[in-house]
1. Quick check on residue A:136: is it surrounded by 14 or more Cβ atoms within 10 Å (Cβ to Cβ), out of contact with any Gly (no Cβ under 7 Å at 6 or more places or on another chain) and among the aromatic types (Phe, Trp, Tyr)?
2. Has the range A:67-77 got any residue that is under 30 Å from residue A:142 (Cβ atoms) and not small (Gly, Ala, Ser)?
3. Across the range B:19-38, which residue is nearest to the other protein chains (Cβ to nearest Cβ) among those that are assigned to a loop (DSSP other than H, G, I, E, B) and within 24 Å of residue B:127 (Cβ to Cβ)?
4. Kindly indicate whether any position in the range B:39-53 is modelled with pLDDT under 95, surrounded by 16 or more Cβ atoms within 10 Å (Cβ to Cβ), in contact with a Cys (Cβ under 7 Å, 6 or more places away or on another chain) and facing chain A (nearest Cβ under 10 Å).
5. Taking the range B:39-59, which residues are free of Cβ contacts under 8 Å to residues at least 24 places away in the same chain and assigned to a loop (DSSP other than H, G, I, E, B)?
6. Hey, any hits in the range A:336-349 for a residue that's within 30 Å of residue A:51 (Cα to Cα) and out of contact with any Pro (no Cβ under 7 Å at 6 or more places or on another chain)?
7. Assess whether residue B:103 counts as being among the basic types (Lys, Arg), within 11 Å of chain A (Cβ to nearest Cβ) and not in a helix (DSSP H, G or I).
8. Taking the stated definitions as given, is residue B:12 without any contact (Cβ under 8 Å) to a residue 12 or more places away in the chain, among the charged types (D, E, K, R) and under 24 Å from residue A:395 (Cβ atoms)?
Amino acid sequence: MGYPVMNMTATEMNQTFRKRPIYLDYAATTPVDPRVARKMMAYLTPDTEFGNPSSRSHLYGWHAEEAVEAARQQVAALINADPKEIVWTSGATESDNLAIKGAAHFYHNKGKHLITCKTEHMAVLDSCRQLEQEGFEVTYLTPEPSGLIDLNKLAAALREDTLLVSIMHVNNEIGVIQDIEAIGELTRARGIIFHVDAAQSAGKVPIDLGRMKVDLMSLSAHKIYGPKGIGALYVRRQPRVRIEAQIHGGGHERGMRSGTLPVHQIVGMGEAFRIAKEEMREENEHIRQLRDRLLAGLQDIEEIYLNGDLEQRVPHNLNISFNYVEGESLIMALKDIAVSSGSACTSASLEPSYVLRAIGRSEELAHSSIRFSLGRYTTEQDIDYTIDLIHKKIRKLRELSPLWEMHQQGVDPAKVEWAAH
Amino acid sequence: MTYSDKVLDHYENPRNVGSFDQNDPGVGTGLVGAPAGGDVIKLQIRVNEDDVIVDACFKTYGCASAIAASSLVTEMLKGKALAEAQQIKNTLIAEELALPPAKIGCSVLAEDAIKAAIADYRNHKHEIR
C-alpha cells in the first residue's frame, strides 16, 4: 500500500513523529488506528466498495449496505444493544442534538421539563438552551466538588412534567464516571426518558444496555481511534423511544436521520468499536499504569490540586491545577507536550473552564489547570518526559511568580486585598 | 495567540527576575493587578541619592506578554532618573514588544507598576527623613 504509516508499529510511529510534541490530548481526539484506516481504504476508490448503500438495484449498493450493517453490528456489540437500535450520525454533537431536541419535540405534549448537569458537554447544554427558547424548562444540576452527581439531588429535581434527563457517562474534562445505571433506575420508574452522552466512555468503560436503563445514548468514533465525522445515536426499542428527526431528506435510518451514509466512515467506526471491545480490558490496565506513574511523578509538587474524583474516573484522564502559575504562560511553557488547558485565554474568551468552575474551583485554579489524557500510543517514555518537563517548568514559573513568593512567606494571596482590575 | 519574537525572547529568558528587600529605604516596590484578573506584577527599583534608578527587578504572575512587559521595563528603568522613569508610557512598551491588541492591557499594567514603585519609594523616603 502507498500509505507506509498504516503498517507501522506504535514504536515506529513514535520514532517517526518524535519531533512533534508528545500527544497527551486523547480526550480531544485520537489518531485513527492503522487497522481502522486499512479497513476504510477498502470503501473509497474505484477498485473498492465505493457504492451507495441506498442503491438497491446493483451489486455496488448491496456490498456497501452489507458493510454498513456489519459495522452497525460491531457498534451495537460494544454496548450490548440490538443493531436496529443504532442510528448513524455525523458525530456525538449531532447525536446529542438529535436525542434531546428529537425527544423533546416528539413528546412535547407529555411535559416540558428537562434535567441536565452544569458539567455536560456544550452539545447538550446548547441543545437545552435552544429548547428553553422554545418554551421548555431546564434544571441544570450542580455536581458535587468531586464532579459526581448526588443522586438524591437528581431525584429531588424530578417533576411531574419532567420529560427527559440528560447526563453524560464520562466527563470530557475531568474524566469522572457518573452512575448511569442508578440514574436509569430513577428515570425508568417514572417513565422519564434518559439520554446519556457516552462520547468519552464507549471503549473505556463497560456499557451494557441490556442492564442499564438508558433510552438514548450518543456515541462518537474519533474518541476511540475511529475517524472524525461519524457517530451514532442509540435509540431504545424496548420500551420504545421515539424521536423527531432533525435532518430531513430521503428517510434514511428509518426516518430518524436522512442523508447518504458515509460508508468508509461507518466501516471505520465499526472496526474501531470491534477493536475496543476486544482490547479494552487490557488497554485500560496499561493506561492505568501509565496514569498512576504520571500522578506519582507529579505528586511531590507543592500546591497542586487534582480536579475530579480519582476513584470514579477513567484511567485515561488526569486533570490537575497548578496553583500560583498563570494559565496561558503555563500552556506556553508546556509546548513540548500536547495537552488541554482549563484556560481559554488563548481563544477569544477569557472565561476559564465552566466544568472546573461548576465543581467549585476558583477562577485562578480553573485557569491554571492542565488536562492530560492518555491513550493507546502513550509510552512510559512519554510519561517520564512529561513528569520531568512539568517539574522544570512549574519551578521556573513559580520563581517568576509574586504569588508563589507570598505563599512561601506565609501570606495567602487569596486573602490579600487586590485593587479592582 | 501569536507573539512577536521579542515577547517570546523575554518570556523564555526573562531579565532581572528577583526580589529586593522591601524594607530597604532605597527600594521602591510596586505590586499591581489581581490574581483573578490573570495578571500580577511586582516591580522593584533601587534608587541612589541622586534619584537615579540603579537597579530593578520583577516577579510576574501572568501571560507571556505580562512577563515580557515587566522584563522589558526592568531593562528600561536601569540608569533612568525617577522623573524620566515617571514618563514611560504603556504605548512605548506595547510598541517595543509589538503586543497584539488583546494584550495592550499588559503594557498598561507594566506602566502602573512603574508608577507604583516610584510612589512607594517616595513614601519610603518621606517616612525616613
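1. Spelling it out, residue A:136 is indeed surrounded by 14 or more Cβ atoms within 10 Å (Cβ to Cβ), out of contact with any Gly (no Cβ under 7 Å at 6 or more places or on another chain) and among the aromatic types (Phe, Trp, Tyr).
2. no
3. Out of the qualifying residues, it is B:19.
4. yes
5. Hits for the range B:39-59 are B:48, B:49.
6. No, that holds for no residue.
7. Here the answer is no, as residue B:103 does not meet what is asked.
8. yes
The values are calculated or read from the model by the stated rules, or taken from the named source; none is laboratory data. In this text, all values refer to a predicted model and were calculated from it rather than measured experimentally. Neighbour counts are summed over all protein chains in view; Cβ atoms, including those assigned to glycine, are modelled from backbone coordinates with ideal geometry.
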